[in-house]
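To start, the structure itself, in structure tokens.
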Amino acid sequence: MTYQAIHHPMEKKFTVVLDGGYNGEVRYKQEGTTLHLEHAEVPEALRGKGLGASMVEAVLRAIEQERFKVVPVCPYIKHFMDTHRDWAHLKAEQS
């Protein structure tokens, strides 16, 4: 199933409606056109079902459409991006 991420820039987060109407979210800090993805959370009732990956993928699609770059601070998002190299183009250059 493909999920859609909704960007809430005033709250500095993306939400994704997951199975059963539960919301997952990714929170970030923004520096210009770079989003530091700090925290990803899937509701406890849905953990262990692979929905974290689906949620992160939906968020990365939204980020790509909005032409941001990312710094994956959250260990889960960092691992996801390290193992799904097709999203590597979204990583911001680190100095």
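General observations
- Residues that are in contact with an Asp or Glu (Cβ under 9 Å, 6 or more places away or on another chain) and aromatic (Phe, Trp, Tyr) within the range 29-75 are absent altogether.
- Within the range 4-62, tally of residues that are within 12 Å of the chain's Cα centre (by Cα) and of a type in the set (S, T, N, Q): 3
- Count - residues of the range 82-95 that are buried (at least 19 other Cβ atoms within 10 Å of the Cβ) and either free of Cβ contacts under 8 Å to residues at least 12 places away in the same chain or touching a His at 6+ places or on another chain (Cβ under 7 Å) (or both): 0
- Complete set of residues in the range 64-78 that are outside any strand (DSSP E or B), touching a helix residue (DSSP H, G or I) at 6+ places or on another chain (Cβ under 8 Å) and free of Cβ contacts under 8 Å to residues at least 40 places away in the same chain: 64, 68, 76
- Here residue 34 passes the criteria (1) without any contact (Cβ under 8 Å) to a residue 24 or more places away in the chain; (2) under 19 Å from residue 9 (Cα atoms) except the one numbered (1).
Coordinate-derived values only; no laboratory data. Bear in mind that the values here come from a model prediction, so they are computed numbers and not experimental data. Every residue, glycine among them, receives a Cβ derived from its backbone with ideal geometry; neighbour counts consider all protein chains shown.
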